[in-house]
Each structure stands twice: as structure tokens, then as C-alpha cells.
Amino acid sequence: MRFLVLSDIHGRLEYMKDIDEEVRRSDCVILAGDLTRKGNGAGLAELAGGLRRPGLEIVGVLGNLDLPSLAKELEALGIFNLETSGRLVRGIAFSGVGGSNPTPLFTPYEREEDEIRAALVEGAQSLKGARPWVVVSHTPPLDSGLDKTFFGLNAGSKALREFLLERGPDVCVCGHIHEALGTARLGTTLIVNPGPFQSGHYAILVYENDQWHAELKSAPTSKNGTAPTLGRS
């Protein structure tokens with residue numbers, strides 16, 4: 001199974017043409033939030049149209065800069081909102097939580113830690129123990145190595161960290177902290193932050209022979225040049 005992972009698109013779709021082959025080769029696209037520009041849904045239909053292929057599933061969550069009311073629009077565009085329920089995609093279980101823990105910027109979709117935990121537990125329960133299991137969260141887990149801001153602050157979610165250590169899903173896909181793109185391990189869980197697609201960053205997640213691998217990539221025309229040298233995990 002091959003998954004294309006995108007996060008922090010922010011309505012910037014100029015790199016879509018560069019990933020057309022990646023979309024074609026993928027079994028599923030995972031969207032980890034901040035899909036829109038200024039939260040108003042601009043570009044959401046264009047994003048869905050650019051990804052849509054026969055038989056390709058698209059799952060994801062909204063980010064802290066997306067309006068929560070866009071959940072209905074996701075469904076209308078054929079993007080399965082993992083906030084509403086768990087989802088099985090070709091035998092892989094998915095659940096998720098949208099928005100983020102509180103930020104200093106008072107963005108449209110922020111949640112207290114107990115809300116985040118409640119959403120995570122509800123999603124897990126809907127899957128009834130199905131494995132392999134991928135959790136999709138816009139915010140990264142606290143102190144995961146993928147939540148450090150330019151100012152040196154760890155801005156991830158404590159509730160998500162505790163949940164991952166308790167439940168041990170196979171993978172957690174996240175975003176939110178643009179400068180913290182990379183892969184890490186938290187307990188038994190592989191954490192993947194693909195980096196902001198608004199700058200051409202994305203990731204390929206592969207499940208084969210009962211093993212998970214993630215590769216960070218950049219669109220060939222990315223202003224940031226070659227792919228990040230963070231390797232595979």
C-alpha cells in the first residue's frame with residue numbers, strides 16, 4: 001500500500017502538477033490539515049479535483065487555520081473526514097483529530113487538550129481494534145521531535161502524546177509546525193510530518209511486508225530546492 005501525505009497546503013496549489021505521478025501511483029491520499037487559505041474554503045474544490053482519480057480514496061482532517069464548518073464541504077467533495085468516524089482503507093484502519101491545541105494566534109479551530117483526547121478515543125473506539133492503524137492529526141504530539149518551532153518551543157499536543165504512548169498505533173501523520181518536517185519514533189509509533197505542501201513538501205508512506213516506511217520529498221519545482229535530507233524511517 002502506498003499513501004501520498006500532504007499537509008499545510010493553505011490553498012496554495014501551484015505544486016499540484018508536480019505530484020501528478022505520485023497521485024497516480026498512490027492507493028490513498030492523506031490530508032493532515034490546514035487545507036485552505038484564510039480558512040474560507042478557497043481552493044478546496046480545486047484541491048479535491050486535482051487529487052481525484054478512479055478508485056483513489058482521500059482521507060484527512062482539518063487544521064487550526066481551517067474553519068470547522070468546512071467539515072461538510074469535505075464530505076461533499078469526496079474527502080472522508082476522519083474526525084467523524086474511523087475508516088478502513090483496503091484493510092488499513094484510520095482515525096483522526098482536527099484542529100490544534102491552543103496557539104498564541106487564536107486561530108479558528110483550536111481545542112483544549114481534553115477535547116483532543118476525547119476525539120482520539122472516540123475514533124479509536126469506532127475502529128474496534130482494527131490494525132494496522134494510522135492516526136491523522138494536524139497537530140504533532142508534544143516533545144516528539146516534530147513539534148519544535150523556530151523559537152525553540154515545543155508546541156505539540158500533550159493529549160496526543162499520551163494517547164499514542166497508551167494505544168500504540170502504527171503511524172501518526174501530522175503537520176502544523178512547518179519547520180519541524182521529518183520522521184520520528186514515539187514509543188512504537190512512527191511519526192511523520194511531511195512539511196508544508198504550500199512550499200512543495202510532501203511524503204510517501206508505504207506499508208509492505210508488515211512494515212511501515214516514510215520518505216520525505218519535495219516537488220521538483222519547489223522554491224526550497226532538492227528534497228529534504230532527512231532520509232527514511
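The values are calculated or read from the model by the stated rules, or taken from the named source; none is laboratory data. Computed from a predicted model, the values in this text were never measured in an experiment. Cβ sites come from the backbone with ideal geometry, for glycine too, and all protein chains shown count toward neighbours.
Pairs meeting the criteria (first residue in segment 38-66 and more than 15 Å from residue 99 (Cα to Cα), second residue of a type in the set (S, T, N, Q) and part of a loop (DSSP other than H, G, I, E, B), beta carbons under 9 Å, at least 6 apart or on different chains) are 42/36; 43/36; 44/36; 47/36; 53/26; 56/26.
Every condition in (1) farther than 16 Å from residue 177 by Cβ; (2) surrounded by fewer than 21 Cβ atoms within 10 Å (Cβ to Cβ); (3) of a type in the set (S, T, N, Q) is met by residue 103 except one, and the failing one is (1). On the basis of being modelled with pLDDT of 95 or more, of a type outside the set (Ser, Thr, Tyr) and closer than 17 Å to residue 39 by Cβ, does residue 122 make the cut? Judged against the criteria, residue 122 is not a match.
A search for C-beta distances below 9 Å between a residue of segment 148-164 that is without any contact (Cβ under 8 Å) to a residue 12 or more places away in the chain and any residue that is part of a loop (DSSP other than H, G, I, E, B), counting only pairs 6+ apart in sequence or on different chains, returns 153/147. Could you go through segment 163-178 and let me know if any residue there is within 28 Å of residue 206 (Cβ to Cβ) and touching a His at 6+ places or on another chain (Cβ under 6 Å). Checked segment 163-178: at least one residue is within 28 Å of residue 206 (Cβ to Cβ) and touching a His at 6+ places or on another chain (Cβ under 6 Å).
Show me the strands (runs of 3 or more DSSP E) found entirely inside segment 53-130 where at least 1 residues are within 17 Å of residue 42 (Cα to Cα).
Details: elements: 57-61, 87-89, 92-97.
Correct list: 57-61.
Can you find, within segment 106-116, the residue that is surrounded by the most Cβ atoms within 10 Å (Cβ to Cβ) among those that are in contact (Cβ under 8 Å) with a residue 24 or more places away in the chain and more than 17 Å from the chain's Cα centre (by Cα)? Explain how you work it out, then say what you get.
From segment 106-116, those in contact (Cβ under 8 Å) with a residue 24 or more places away in the chain are 107-110, 113-114, 116; that's our starting set.
Among the residues that remain, those that are also more than 17 Å from the chain's Cα centre (by Cα) are: 107-108, 113-114.
Details: 107: 16, 108: 19, 113: 16, 114: 9.
This residue is 108.
Considering only residues of segment 11-25 that are of a type outside the set (Gly, Ala, Ser) and not in a helix (DSSP H, G or I), which is nearest to residue 67 (Cα to Cα)?
Of everything passing the filter in segment 11-25, 12 is nearest to residue 67 (Cα to Cα).
When each of 8, 18, 66 is tested for being surrounded by fewer than 20 Cβ atoms within 10 Å (Cβ to Cβ) and charged (D, E, K, R), the lone residue that passes is 18.
All conditions in (1) in contact with a Lys or Arg (Cβ under 9 Å, 6 or more places away or on another chain); (2) closer than 21 Å to residue 20 by Cβ; (3) surrounded by fewer than 16 Cβ atoms within 10 Å (Cβ to Cβ) hold for residue 208, with the sole exception of (2). Criterion applied to 123, 98 was being buried (at least 21 other Cβ atoms within 10 Å of the Cβ) and either under 18 Å from residue 178 (Cα atoms) or aromatic (Phe, Trp, Tyr) (or both), and the one residue passing it is 98. As for segment 174-183, it holds no residue that is at pLDDT below 95, in a loop (DSSP other than H, G, I, E, B) and in contact with a Leu (Cβ under 8 Å, 6 or more places away or on another chain).
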